[in-house]
Every structure is written in C-alpha cells, then in structure tokens.
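J.: Before anything else, here's the structure in question.
The values are calculated or read from the model by the stated rules, or taken from the named source; none is laboratory data. Small disclaimer: the values here were computed from a predicted structure and weren't measured. Every residue, glycine among them, receives a Cβ derived from its backbone with ideal geometry; neighbour counts consider all protein chains shown.
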Ligand code: C2O
Ligand code: CU
Ligand code: CU
C-alpha cells in the first residue's frame with residue numbers, strides 16, 4: 001500500500017487521489033499534521049530510558065528509537081548554576097551514550113564515544129550548568145552510529161534558563177515553541193529506514209525527502225495573532241536550512257547556539273547547518289485570521305553538489321531512493337495557520353540585550369591551530385572525510401590544549417562539500433571568514449559551538465576551555481562524523 005492510500009484509510013479526511021506518476025504533486029495534497037510539543041522535564045533527578053517504540057509521525061505510526069517512549073525526546077529545562085543529575089538507561093539492542101551538545105561539562109559527562117554503555121547498563125551524569133541561558137541540544141554520540149541513532153528519533157532540546165533573560169518580556173508558555181527541524185526519508189510503508197549504503201549518502205550525508213518538526217512529518221501549527229518565540233534547532237543529519245518565511249517578513253533573531261545576541265537582528269533568511277540553533281521572534285499580530293505562513297528552507301546555491309535539483313523547488317518524492325531534493329533545494333518546513341483572535345502585538349523586542357562574553361583579547365601572540373577539512377572519493381574505498389589528513393581514532397589524542405587559555409582555531413574547508421564544524425567543551429566566538437561568503441554572518445555574532453564552512457572558506461574562531469579532559473572536534477554532518485571526520489583534543493593543566 002502506498003503512503004497516500006494508507007493516509008486515506010486511516011486519516012480523518014477524504015481519500016486522496018492515488019496512482020503514480022505525479023507523486024510529488026500528490027504529496028503536496030497530503031494533509032498536514034499538527035505539530036507536537038515535547039514534554040518538558042527538569043534535569044534534576046531525571047531518568048532517560050533509551051528504547052525502541054512506535055510513535056505517531058503524523059500520517060501514522062513509525063518504528064522509532066526513543067528516550068522514555070517519545071519523539072522528540074523530552075525538552076530538558078536547566079537553570080544556570082544548578083547541578084544536573086540525569087541517568088541514561090540503555091534498553092536499545094546496541095551500545096549508546098548521550099552528549100549535551102553546546103554545554104561545557106566535565107569529560108565524564110560529555111558523552112565521548114569511549115564512554116558508551118552496553119544494552120542493560122545505566123550511565124549516571126552529573127554536571128554543573130555553567131552555560132548562558134539559551135537553546136542547546138542532546139543526542140547520541142555512539143561511535144559509528146551517531147547518525148542512525150539520532151535519525152531514528154533520539155535527541156531533544158536543552159533549555160537553559162537564568163537571570164540574563166529576565167526583564168525582556170520574551171514570549172513564553174504557549175508563545176514559546178521549541179522546534180527540532182529535520183529531514184527524513186518517509187517510505188510508502190511509513191518506515192524511517194536508515195541506511196547509507198550508497199556512495200552518494202556516504203559522500204553528502206543522508207538527505208531526506210520529508211520535512212519533520214518535533215518528530216511530525218509535514219507539520220502545521222495554529223498560532224494566535226501574537227508574537228512567538230521559536231527556539232529552532234537544525235537537527236538534520238546533513239541538510240542545511242536557509243530559513244525564511246513565505247510572506248517575505250523578516251525574522252527577528254535574538255539568539256544563537258550559546259544564548260542571546262547583544263541585540264536583535266532582522267534577517268530575511270538565516271542559514272543553519274546541522275546542529276546550529278536560532279532563537280527567533282515572529283510576529284503574527286498584523287496577519288489576518290485564516291492566513292497561512294510557511295516557514296521554509298529557501299533555495300540556495302550549494303557548491304559542489306553534483307546532483308540535480310540544486311537550487312530548484314524540491315518536489316518530494318522526485319528523488320525517491322536518492323534522498324529527496326538535493327542540498328540547497330527549497331523545502332517547506334512548518335506551516336503556521338493564523339487563528340481568529342484579537343491582535344496582541346506585545347512589546348517590541350528590546351533594542352539591546354546583555355553583553356556576549358568574549359574570549360579575551362586576540363593579538364598576534366595568541367596561539368593558533370589550523371584544522372583542514374577534506375572529503376574525497378577514493379577509488380575502491382569510496383568517500384573519505386578527513387581533518388588534517390587523518391580519520392578519527394578513539395584513543396589517539398590529536399591536540400593538547402592548555403586549560404583557560406584563549407587560542408585562535410582556523411577551520412579550512414578544502415573540499416567540495418559543506419562541513420558544519422563543531423567543538424565540544426565550550427562555546428567559541430567567530431572572528432572572521434575568508435573565501436566563499438567572506439564575512440561573519442549576522443547570525444554568527446553571538447556565542448557558537450558549531451560553524452558552517454562552505455567549500456573554500458577559512459573560518460577563524462576564538463576558543464577557551466574551562467574543563468580539563470578529553471573532548472571532540474568534528475564535522476556535524478552526522479555521516480561525516482560517523483565516517484571519522486573527528487578528532488580528540490585533550491585540555492591539559
Ligand atoms: Cu552534537 Cu559531538 O556533537
Ligand atoms: Cu557537542
Ligand atoms: Cu562534513
């Protein structure tokens with residue numbers, strides 16, 4: 001049975017026209033599904049049990065891997081300054097470990113793959129929450145299967161709260177929507193099968209054909225004529241989103257990976273690579289009731305993407321079996337439906353937030369390191385992804401970095417593919433970009449833990465670490481990471 005007739009039988013609405021071809025057209029007539037919000041839990045005395053479960057993906061049930069039976073995983077609220085205590089119980093059929101992406105935590109709590117636990121085991125995390133209020137992420141970090149475990153549904157948002165956000169009257173409660181945006185391949189049988197046998201997937205990463213938000217395919221959300229705060233994570237394995245609204249209204253960006261910016265920024269598009277976050281205000285108060293506004297990934301030029309469909313309008317199913325529209329295709333992500341309600345414009349966003357901490361003064365004497373990212377197609381062995389010519393080894397220490405010392409790290413993308421570069425153990429500041437886009441983008445001006453490098457780009461960042469121990473630097477294209485585009489650095493006294 002194909003997906004559409006399945007929906008016709010089990011869905012609430014009319015039976016959709018069936019029959020191929022015209023699959024992508026029929027897909028556009030698929031009823032959209034109501035967005036779900038993750039349950040919110042506290043990180044104090046929390047138990048997360050990793051286990052398979054059937055979950056509702058919108059058009060029907062899918063087999064997923066979950067924490068506590070739900071997709072997405074619970075949203076964990078932490079208070080800056082508190083100590084988080086979280087137990088991970090592994091009831092999956094394979095090893096796993098969780099990583100608190102973006103938080104500066106001690107090495108025992110960082111989810112390094114050498115700490116992965118066997119089925120039946122429990123891992124106890126305890127760490128102080130040092131980071132600024134903001135939107136962070138947690139996800140599996142199991143060597144070689146991070147992509148599969150994340151794709152199957154494990155992962156959720158971490159929201160750090162603290163005084164710094166007080167007094168800005170930012171939308172909260174119903175008006176604050178945490179959003180995990182992802183692309184997946186939704187088979188006609190509603191399977192979420194993951195497999196990267198094809199060299200194309202191993203080169204580019206796994207691109208999906210269906211937009212998911214919070215685990216729901218083709219989502220829609222009812223909004224009042226009011227102001228909303230969207231805490232957006234690009235939780236995709238490999239897809240870059242160039243976020244924009246269908247009505248052309250600008251987005252008001254208030255925060256990024258490591259909390260609030262110094263001042264809000266208005267932008268018509270915000271490009272987020274995998275693992276990057278954007279904290280955005282959207283005002284629907286001037287919209288008419290019944291109006292529909294689509295949050296979409298706008299078409300962009302993706303250099304080095306040899307596949308067709310580049311930059312075009314991504315029809316779903318057009319590339320069935322090949323992972324849907326290519327990188328850079330336009331993709332509808334989430335539809336807002338404006339409800340009949342009184343207009344509540346609310347206070348304008350503040351013109352200034354508190355100061356983003358810097359990493360100390362950068363001078364010619366500041367120590368520097370360079371990391372060069374390369375991807376190549378090797379005859380015989382297929383795609384290879386390297387940093388400084390090397391692939392990851394679990395026990396090999398690649399760099400030794402003094403604790404509490406500011407350094408400038410340069411990420412050089414010498415390949416034909418984008419690489420979202422991520423550093424564990426603390427937030428960095430983006431200092432400069434040369435080549436390619438040749439500037440620091442507006443949404444990169446706060447604290448960051450992941451920065452997108454396009455082919456030919458060199459990006460300088462300032463790093464500084466507060467915990468000693470073994471941490472990771474890697475590409476956050478999860479297929480690249482699993483294929484060992486990763487290294488260990490040890491922070492030493
Ligand atoms: Cu989000 Cu090392 O990962
Ligand atoms: Cu991380
Ligand atoms: Cu990469």
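J.: Output the residues belonging to region 43-84 that are loosely packed, with under 15 Cβ neighbours inside 10 Å and within 21 Å of residue 136 (Cβ to Cβ).
T.: Passing the criteria: 44, 45, 47, 81, 83.
J.: If you scan region 367-382, which residues turn out to be away from ligand 2 (no atom under 16 Å from the Cβ) and in contact (Cβ under 8 Å) with a residue 60 or more places away in the chain? If you could, list the steps in order and put the result at the bottom.
T.: Initially, region 367-382 is screened for residues away from ligand 2 (no atom under 16 Å from the Cβ), giving 367-370, 372-382.
Correct list: 373, 375, 377, 382.
J.: In addition: The conditions are (1) more than 16 Å from ligand 2 (Cβ to nearest atom); (2) under 21 Å from residue 145 (Cα atoms), and residue 477 fails exactly one of them. Which is it?
T.: (1)
J.: From (1) at positive phi; (2) without any contact (Cβ under 8 Å) to a residue 40 or more places away in the chain, pick out the condition that doesn't hold for residue 425.
T.: Status for residue 425: all satisfied but (2).
J.: Let me ask something additional. Regarding residue 132, is this residue assigned to a helix (DSSP H, G or I) and either in the same structural domain as residue 423 (by TED's automatic domain parsing) or in contact (Cβ under 8 Å) with a residue 40 or more places away in the chain (or both)?
T.: Numbers: assigned to a helix (DSSP H, G or I): no; either in the same structural domain as residue 423 (by TED's automatic domain parsing) or in contact (Cβ under 8 Å) with a residue 40 or more places away in the chain (or both): yes.
In short, no.
J.: Which of the strands (runs of 3 or more DSSP E) found entirely inside region 154-217 contain at least 1 residues meeting this: touching a helix residue (DSSP H, G or I) at 6+ places or on another chain (Cβ under 9 Å) and closer than 26 Å to residue 384 by Cα? Walk me through it before giving the result.
T.: Working: elements: 156-161, 176-184, 210-213.
Those strands (runs of 3 or more DSSP E) span 176-184.
J.: Select from region 431-473 the residues that are within 16 Å of residue 373 (Cβ to Cβ), more than 18 Å from the chain's Cα centre (by Cα) and part of a strand (DSSP E or B) and write down the one among them that is farthest from ligand 1 (Cβ to nearest atom).
T.: This residue is 434.
Yes/no matrix, rows are residues, columns are (1) touching a strand residue (DSSP E or B) at 6+ places or on another chain (Cβ under 8 Å); (2) surrounded by 17 or more Cβ atoms within 10 Å (Cβ to Cβ); (3) over 22 Å from residue 147 (Cα atoms):
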{"site": "401", "(1), (2), (3)": "yes, yes, yes"}
{"site": "430", "(1), (2), (3)": "yes, yes, yes"}
{"site": "450", "(1), (2), (3)": "yes, yes, no"}
{"site": "488", "(1), (2), (3)": "yes, yes, no"}
{"site": "493", "(1), (2), (3)": "yes, no, yes"}
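Here is a yes/no grid of residues against (1) surrounded by 14 or more Cβ atoms within 10 Å (Cβ to Cβ); (2) modelled with pLDDT under 95; (3) outside the structural domain of residue 448 (by TED's automatic domain parsing):
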position	(1), (2), (3)
356	yes, yes, yes
359	yes, yes, yes
374	yes, no, no
380	no, yes, no
385	yes, no, no
388	yes, no, no
392	yes, no, no
398	yes, no, no
404	no, no, no
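J.: Can you pull out every residue in region 474-493 that is within 12 Å of ligand 3 (Cβ to nearest atom) and within 17 Å of residue 114 (Cα to Cα)? If you could, list the steps in order and put the result at the bottom.
T.: Taking region 474-493 first, the residues within 12 Å of ligand 3 (Cβ to nearest atom) are 474-486.
474, 481, 482, 483, 484, 485, 486, listed by residue number.
J.: Given the conditions (1) surrounded by fewer than 19 Cβ atoms within 10 Å (Cβ to Cβ); (2) on the phi < 0 side of the Ramachandran plot; (3) modelled with pLDDT under 95, and given that residue 332 satisfies all but one, which numbered condition is not satisfied?
T.: Only one criterion is unmet by residue 332, namely (3).
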